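Each remark here refers to the structure printed beneath this line.
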Amino acid sequence: MPIHSLVLIIHVTAVFILCSVLCVEGLSLVYLRGASTLAEARPWIEPVRGLRVFAVSSVLTIQFSGIYLVYQTASFGKAWANVAMVALPLAMVPFGNMTARRMRAIRQAFRSEGAIRSESLDMLREPFLKISLGVRTAVFFGIFMLVSIKPGSWGSVCFVGAPLALSLILSVVSWRSSKSMTVPGA
């Protein structure tokens with residue numbers, strides 16, 4: 001088997017793993033935000049042990065195997081390749097790290113004996129968790145479309161920027177509507 005084929009298989013497998021990580025995180029977030037008791041929330045705080053390891057290793061694998069594949073196909077310098085190589089770490093690393101820190105704080109709050117019910121449940125409904133997942137999923141989807149279609153400069157920026165902008169707009173609208181529902185007299 002040629003090395004190019006092996007790297008391509010590894011690359012695609014890493015993409016599937018990252019997609020799975022985002023799906024598990026999304027499902028977990030839906031159940032966490034809908035939990036009305038601590039007992040309902042507990043199973044979803046860490047649905048898959050080591051999920052962050054899968055996320056980090058898949059992003060690194062996608063990045064390095066992607067660089068190799070772009071190099072082998074002489075696509076360096078093409079807009080779609082440059083945008084994909086920059087957008088993946090720029091979206092996944094900071095938002096993934098901030099989410100991991102918040103989830104670690106939530107896990108610690110739930111493990112402590114004196115966890116206050118309302119404060120713990122409020123932590124689960126932080127808007128940032130939803131925004132972070134939306135940003136990472138939108139960029140992932142945009143890069144997937146970008147690499148599949150391979151447009152020019154403006155198309156590359158639009159394929160990543162449009163889903164990202166839509167995700168941010170929907171997150172803000174959702175956050176504002178939920179905020180107005182919880183504020184008495186609003």
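The values are calculated or read from the model by the stated rules, or taken from the named source; none is laboratory data. Keep in mind that this is a model prediction, so the values were computed, not measured. Cβ: placed from backbone, ideal geometry, glycine included. Neighbour counts: every protein chain shown.
Of the conditions (1) under 25 Å from LYS150 (Cβ atoms); (2) surrounded by 13 or more Cβ atoms within 10 Å (Cβ to Cβ), PHE76 fails just one. Which one is it?
Condition (2) is where PHE76 drops out.
What residue, of SER132, SER112, SER118, is farther than 19 Å from GLU40 by Cβ and not hydrophobic (A, V, I, L, M, F, W, C)?
Going through SER132, SER112, SER118 in turn, just one is farther than 19 Å from GLU40 by Cβ and not hydrophobic (A, V, I, L, M, F, W, C): SER132.
I'd like the residue in the stretch 23-43 that is in a helix (DSSP H, G or I) and crowded, with 18+ Cβ neighbours inside 10 Å and, out of all such residues, is nearest to the chain's Cα centre (by Cα).
For the stretch 23-43, the residue satisfying everything is GLU25.
Just one of (1) touching a Lys or Arg at 6+ places or on another chain (Cβ under 8 Å); (2) polar (S, T, N, Q); (3) under 24 Å from ILE143 (Cβ atoms) trips up THR37, so point out which.
Exception for THR37: condition (3).
State whether the residues of the stretch 105-124 include one that is in contact with a Lys or Arg (Cβ under 7 Å, 6 or more places away or on another chain), modelled with pLDDT under 90 and either of a type in the set (A, V, I, L, M) or farther than 23 Å from ILE62 by Cα (or both).
yes
Would a scan of the stretch 19-33 turn up a residue that is touching a residue at least 12 places away in the same chain (Cβ under 8 Å), small (Gly, Ala, Ser) and in contact with a Pro (Cβ under 7 Å, 6 or more places away or on another chain)?
As a first pass, look at the stretch 19-33 and keep what is touching a residue at least 12 places away in the same chain (Cβ under 8 Å): 19-22, 24-29, 31-33.
From what is left, the residues that are small (Gly, Ala, Ser) are 20, 26, 28.
Applying the additional criterion that residues be in contact with a Pro (Cβ under 7 Å, 6 or more places away or on another chain) yields 28.
Scanning the stretch 19-33, I find at least one residue that is touching a residue at least 12 places away in the same chain (Cβ under 8 Å), small (Gly, Ala, Ser) and in contact with a Pro (Cβ under 7 Å, 6 or more places away or on another chain), so the answer is yes.
If the Cβ limit is 7 Å and pairs must be 6+ apart or interchain, which residue in the stretch 103-128 that is closer than 14 Å to ALA35 by Cβ pairs with which residue that is among the polar types (S, T, N, Q) and modelled with pLDDT of 85 or more?
No pair meets every condition.
Under 7 Å by Cβ, and 6 or more places apart or on different chains, what pairs join a residue from the stretch 71-100 that is hydroxyl-bearing (Ser, Thr, Tyr) with one that is part of a loop (DSSP other than H, G, I, E, B) and loosely packed, with under 13 Cβ neighbours inside 10 Å?
Listed by first residue and then by second, the contacts come to nothing, as the list is empty.
Those residues that are of a type in the set (Phe, Trp, Tyr) and touching a helix residue (DSSP H, G or I) at 6+ places or on another chain (Cβ under 6 Å), I need them from the stretch 1-55; list them, please.
TYR31, TRP44, PHE54
Just to be sure I understand, how many residues within the stretch 50-86 are hydroxyl-bearing (Ser, Thr, Tyr) and outside any helix (DSSP H, G or I)?
2
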